[in-house]
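Below is one structure, written out as structure tokens, with a few remarks after it.
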Ligand SMILES: Cc1ncc(COP(=O)(O)O)c(C=O)c1O
């Protein structure tokens, strides 16, 4: 399905296939049906994803990035949110590139703040001192399956009348105070890209309880037209013929829809989501035993119930030894990668985000960037051989660190 890094097949790759015959059969069945563009299957999957999260509305899109785009763009057009160009959002310095880019494409400004060095999520103790007259919202990104500190986030958002939004692209199935992540923000995004908890090859979901936001997002997903709306409340179609109503454009839209084939795969995948998440948690329990009680490194600290996208580890060491550590992983066939994008404020793209700022100094983002790695978790239970491999690798690390 994708070009896999086969070098790690006998060890621990970053990702594993989540499909079996059911997904493959559903593709052929859909192809034979002849109904390929967005239709009933997309709608059914949206209902399943809504129900899972106990959220009123869900839209399937062609990626998690598009879910972020549709969320940020719809807010600007919402009649009650009163958002304007140059309004500011507080965001964490660890996130994905497309957690942020929709904001500048909609003429907002971002203020990047540091993350907690143990949970890797936005450090809520830094938010209040960063709020200015321009601040209109906070973006919470649940990193590697780990829920943010929503208790504080909600408290601060309420106190300062800020919009809380949630990028949940890498944290499907995580739970915080008995609620699924993806249910705390005005809207949230999910990704079903190949390496995520469920895979529709490419895919994403936008979730909200707000009727107007949903209507706008649905319109924006398909060219900005008024077609397919359950309610015409937000679209004045009076005195317009049914023929013309099919081609009535209300909002500056895109085409970021998915297809019936992707949805058919997603319907099969979603039947297994609880099992997938359970197995990821079982793997975590084993890995935690190996990587705990050691002052040379630590595993990402869980906040609530993480759905363990991967295993993020930070090493207390220097650059020379860190390079050796990376080498030990590689030689022993455990594939690693940086934690999300590392310190995003150090990325070349930051020149587009700097506003009047000269630089950001985010200490914990820098630590995670310099001394952090992630190795893979998946819905497949770790074998005894794989557990032994992790033990071996950390024993080797213990000797050099
Ligand atoms: C936090 C976060 N946001 C957004 C995305 C974008 O999702 P997609 O790859 O489906 O566009 C990702 C992808 O990995 C992500 O990790």
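Taken together, the values in this text are just the output of simple stated rules run on the coordinates, not laboratory data. In this text, all values refer to a predicted model and were calculated from it rather than measured experimentally. Here the Cβ is made from the backbone with ideal geometry for all residues, glycine too, and neighbour counts use every protein chain on show.
Using the Cα gyration tensor of the stretch 109-239, with a ≥ b ≥ c the square roots of its eigenvalues, what is the shape: rounded (a/c below 1.5), prolate (a/b larger than b/c) or oblate (neither)? Cα axes put the stretch 109-239 in the oblate bin. Taking the helices alone, the chain has a mean residue ellipticity at 222 nm of -11500 deg cm²/dmol, built from -39,500 (n - 2.57) per DSSP H run of at least 4 residues and averaged over all its residues. Given in Å, the Rg to one decimal and the Dmax to the nearest whole number for the Cα atoms of the chain are 21.7, 78. DSSP beta bridges fully contained in the chain are about 65 percent antiparallel.
Ellipsoid fit via the Cα gyration tensor, the stretch 1-135: semi-axes of 35, 24, 14 Å, each the root of five times an eigenvalue, largest first. Judged by the gyration tensor of its Cα atoms, with axes a ≥ b ≥ c, the stretch 296-368 is prolate; a/c meets the 1.5 cut and a/b is the larger of a/b and b/c. Ordering 197, 78 by the number of other Cβ atoms within 10 Å of each residue's own Cβ, fewest first, gives 78, 197. Averaging 1/r across all pairs of distinct Cα atoms in the stretch 166-289 and inverting the result yields a Kirkwood radius of 16.7 Å. The convex hull around the C-alpha trace of the stretch 270-401, projected and averaged over every direction, spans 10.2 square nanometres. Helix 384-400 against the longest principal axis of the chain: what's the angle in degrees, Cα atoms only, rounded to the nearest 10? Once rounded, the angle reads 60 degrees. All Cα-Cα distances of the stretch 223-316, cut into 10 Å bins from zero to the largest, leave 12, 24, 16, 18, 16, 11, 3, 0 percent in each bin in turn. In the chain, the longest principal axis of the Cα atoms and the axis of helix 273-290 are about 20 degrees apart.
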